[in-house]
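Report on the following structure.
What follows draws every value from the coordinates through simple rules; no lab data is involved. Because the structure is a prediction, the values reported are computed rather than measured. Neighbour counts run over all protein chains shown; Cβ positions are idealised from the backbone, glycine included.
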Ligand SMILES: Cc1cc2nc3c(=O)[nH]c(=O)nc-3n(C[C@H](O)[C@H](O)[C@H](O)COP(=O)(O)OP(=O)(O)OC[C@H]3O[C@@H](n4cnc5c(N)ncnc54)[C@H](O)[C@@H]3O)c2cc1C
Ligand code: SF4
Ligand code: SF4
Ligand code: SF4
Ligand code: SF4
């Protein structure tokens, strides 16, 4: 899933100041699963904005809604009427959602209520961590299923580096050295010899270094 | 997606209601007692039951047998709670239902036992003119002339009967239908329908030698009838009571009270098969009644025309008979006799139907009135209906009430010329079983103890043995209820399979399949509310303190608040069991606090806190119950963390986060004075800072 977190309320309050009515728009997939943009958070945030406006003597109505996924045009279009009646929309989806919204509603102010953090997993309720960098060329078959691009601070392909100490990365004692984890896992799998193969220089173009990425499937497209 | 707010609700009756023959809304009144809304609790009971104070005392409470709590430790003391709710002074404030607009029809109700009274009550409410014909000089049937005063005092019965008769019911006592007045005469007198609730008052005979000719042999019905009169019958020194039902137990306990030195109950099967209520058997033994199980009487021996001894034989249990109970088989050579000077025969009763047997058909052997079905209750004579013990043989008060109520519906359709309504039973009455894992995870709370007169004092007279629960004990007991089917309702259309509910439920009730389809067992759920609060997309709501109810409590409270500024909304956990004196002390000591009572602090969401501020509150605090009264301590811990998050948010909003407090219940008093004073102080300071 894509993980996100809500921006600090002060920042949200500042960016939404003066818009009346303001629509707080949730996204019920990754954003909800990150407890940042589900209906529950929409209700809470809208209520907070109302109170902040009231205490600082500002006017302004705050509306609430949510769609299944803000990254799909059909879903966003379903709330066109509501959007039409608003000054601005505060989207609490990831950056992709916000941008699709901007495309669908050319004349509408759209504001991001969240920071998109990473592609990751739920470790347990309330704890998420990064797992994938979306590099466009998966190498997990060679690294025992653990990604050095997403999880090595230096994105080394032939690690570990000299900063690996007792299984931790030199940047912080909290961060596991993924290369240590890779070695441990290959040892358990009895495949340590795989590391003898040196990774060639990685082609970063599928990772977006060759410009904005786009994917087209001729067989599906209309 | 996004289908508005309707949740997929499958309305199901809780086990207690399902097991009750008149489907009393047990869960509702238990909850109202927990909330200390006693008047409403009484009204809820009275709505379905015209004899609540009787049932609160002597009902056999099948609801308790079915109660889900019973699978955890012990069932809710439902009958005792009913008595508490109906005995209280608040019943004076209950607004009795008024009889409906007169239909002009006259109905005769024969017999004034619970069946007749219930039928008369409901028929009067439906607007029919009702006359009760009662053979005895007193009203109440077996409640009056069977059940002794130590279990059901006369004044209690009087009051209940008055309330019913006050609906405008005409009463004719001392009239035995079938004798002076035949059924056909009733129709000639203008009655359009007749309900026969004549009970079962004819004692079955022992059919053993000595029964008819010796002095000192009595039937239980006539003995108890005497017991229930001011002039009490004389009893022997050593009394044998034959039989194992409530009648036998009551005869034995009455004989003790009338001065018998030794009382023996002689019952042919074992204790397990004994039809009398378990509590009654225990009480009798406690008072000193001796039990001879697996014993049958063979002959009553006499001297000078009076009873002198009882000859018996021991039994062993053989194969189960038609009734499913194992039938007793005499053990050859085990005869014995013991000295007695009185024998009370209590081996069952049959209806006294001979007087009406020419006009309506009765069963061959047991003389029970034949009806066409349990919902129509039509006899073989058009316009004549019957129910209660007269149809079923000796049964229970609540079954008789149920029959009376069903008869009223059936008679009403008959009088309107409609075909009788066939109400189907609500469903299976077998309670589903909880898994052992859930039972283990459920916090146990001991059932309330009943307070009874000491046994020594009891046997001196007919004073009521059991006392009504005190307010605090009743509320505590009501708080044990597990709120069956008031829990999580999942809207599958909204669910995004985030698994939060699966992860947070303290009982492990929500489960998922590999496609992320969530199932929440509505029977097992105990309405703690955690999943509903944590679900990010609000796919779950709880019926007990639902989101809408919570918002309403806050809005209504704030709109009606008379609290002086600064107004502080205080969420109180009902499990804290605050009495009216606590609340009074709160009003006096902390006039700024607007109390909002909730079923568990765990139900308070950040959103609710914001709502309070939005409605104009200046401060909010949450007062938890004592840890040993909290059914879901982990969930309450979650609330504390949730409130830390709420505080950060409040800070960011420019409302000092310190205006939100969470506290546990102090040992004494309803909340710490310092906590409230501190809160008020901070609010005032913050207010000044802003205005500067
Ligand atoms: C000693 C004893 C203890 C009991 N304890 C309990 C208990 O703890 N819990 C419980 O649930 N149940 C108990 N029961 C059973 C309960 O009392 C009966 O099931 C219930 O009263 C039956 O109600 P009914 O209206 O059908 O008949 P009844 O209460 O028997 O009333 C019938 C009435 O009809 C009158 N009548 C009869 N024939 C005529 C006629 N021809 N004309 C006019 N009037 C007539 C009778 O005089 C009587 O007043 C007990 C019964 C007895 C005897
Ligand atoms: S808009 Fe972003 S957060 Fe929402 S579903 Fe799409 S990718 Fe996930
Ligand atoms: S726990 Fe409560 S609702 Fe459930 S069966 Fe018992 S009394 Fe009824
Ligand atoms: S918490 Fe809500 S969205 Fe998540 S799985 Fe449960 S019901 Fe579905
Ligand atoms: S309400 Fe409580 S007990 Fe019921 S499913 Fe949700 S978390 Fe579990």
Check your understanding: Can you give the FRET efficiency for residue A:207 and residue B:677, using 1/(1 + (r/R0)^6), R0 = 56 Å, r = Cβ-Cβ distance, to the nearest 0.05?
Key -> 0.40
**Study point:** Average beta carbon contacts from partner chains per residue of B:491-503, 10 Å cutoff
**Key:** 3
Review point. Between the helical axis of B:114-125 and the dominant principal axis of chain B, each derived from Cα atoms, what acute angle in degrees is found, rounded to the nearest 10?
Key: 60 degrees
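Report the extension gain between residue B:651 and residue B:355 in nm, rounded to one decimal, defined as 0.36 nm multiplied by the number of residues separating them, less their alpha carbon distance. Mind dumping the intermediate values first?
On the way: separation 296, 0.36 × 296 = 106.56 nm, distance 8.43 nm.
Residue separation times 0.36 nm, minus the Cα-Cα distance, leaves 98.1 nm.
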Revision key, fill the gap. Taking a ≥ b ≥ c as the square roots of the Cα gyration tensor eigenvalues, with a/c under 1.5 meaning rounded and otherwise prolate when a/b beats b/c or oblate if not, region B:557-691 comes out oblate
Check your understanding: Between residue A:80 and residue B:234, what is the spin-label point distance in nm, taking each point 7 Å from the Cα along the Cα→C-beta axis?
Key -> 10.2 nm
Review point. Hey, can you rank B:617-623, B:142-148, A:127-133, B:98-104 by average C-beta count inside 10 Å, highest first?
Key: B:617-623, B:142-148, A:127-133, B:98-104
Check your understanding: Once the Cα atoms of region B:488-542 are picked out, what are the Rg and Dmax in Å?
Key -> 9.7, 26
Review point. So what's the angle, to the nearest 10 degrees on a 0 to 90 scale, between helix B:154-165 and the longest Cα principal axis of chain B?
Key: 80 degrees
Check your understanding: In nanometres, what is the gap between the two model label sites at residue B:432 and residue A:5, each 7 Å from Cα along Cα-to-Cβ?
Key -> 4.0 nm
Exercise for review: Would you mind checking the tilt of helix A:178-189 against the longest principal axis of the Cα atoms of chain A, expressed as 0 to 90 degrees and rounded to 10?
Suggested key: 60 degrees
Check your understanding: At q = 0.20 Å⁻¹, what is the log10 ratio I(q)/I(0) for region B:354-462, with the Debye formula run over Cα points and no solvent?
Key -> -1.04
**Study point:** Gain upon complete extension [residue B:155, residue B:517; 0.36 nm per residue less C-alpha separation]
**Key:** 124.5 nm
Study note, to complete from the structure: Given B:437-447, B:459-469, B:61-71, the highest-first ranking by average Cβ count within 10 Å works out to B:61-71, B:459-469, B:437-447
Check your understanding: How far apart, in nm, are the 7 Å Cα→Cβ label points at residue A:58 and residue B:261?
Key -> 9.5 nm
Practice item. Take the alpha carbon atoms of region B:96-170, find their center, do the same for region B:347-364, and report the distance between the two centers in whole angstrom. Key: 22 Å
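Across peptide B:535-547, how many C-beta atoms of other chains are within 10 Å of each residue C-beta, on average?
Counting other chains' Cβ atoms within 10 Å and averaging over B:535-547 gives 4.
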Check your understanding: So, by mean Cβ neighbours within 10 angstrom, what's the order for B:598-611, B:642-655 with the highest one leading?
Key -> B:598-611, B:642-655
Check your understanding: Using a ≥ b ≥ c from the Cα gyration tensor of region B:251-307 (square roots of the eigenvalues), is it rounded, prolate or oblate, where a/c under 1.5 gives rounded and otherwise the larger of a/b and b/c decides, a/b for prolate?
Key -> oblate
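Just checking the output field for A:39-51: average partner chain Cβ neighbours within 10 Å of each residue's Cβ?
That works out to 6 on average.
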Check your understanding: For residue B:446 and residue B:322 in the same chain, what is the full-extension length gain: residue separation times 0.36 nm, less their Cα-Cα distance, in nm?
Key -> 40.8 nm
Check your understanding: Under the classification rounded if a/c is under 1.5, otherwise prolate if a/b is larger than b/c and oblate if not, where does region B:203-349 fall, given a ≥ b ≥ c as square roots of the Cα gyration tensor eigenvalues?
Key -> oblate
Exercise for review: Could you compute the FRET efficiency for residue B:282 and residue B:467, with r as their C-beta to C-beta distance and R0 at 25 Å, rounded to 0.05?
Suggested key: 0.90
**Study point:** Of all DSSP beta bridges in chain B, antiparallel share, percent nearest 5
**Key:** 35 percent
Practice item. Using Cα centres only, tell me the gap between region B:289-323 and region B:52-94 in whole Å. Key: 36 Å
Check your understanding: Relative to the compact globular guide of 2.2 N^0.38 Å, what is the alpha carbon radius of gyration of region A:133-198, as a ratio?
Key -> 1.06
Point to revise | Label point 7 Å beyond Cα of residue A:96 along Cβ direction - residues of region A:10-42 with amide nitrogen under 18 Å | key: A:26-38
Exercise for review: State the Cα centre-to-centre distance between region A:101-121 and region B:209-275 in whole Å.
Suggested key: 85 Å
Review point. What's the exposure ranking of B:338, B:632, going from fewest to most Cβ atoms within 10 Å?
Key: B:338, B:632
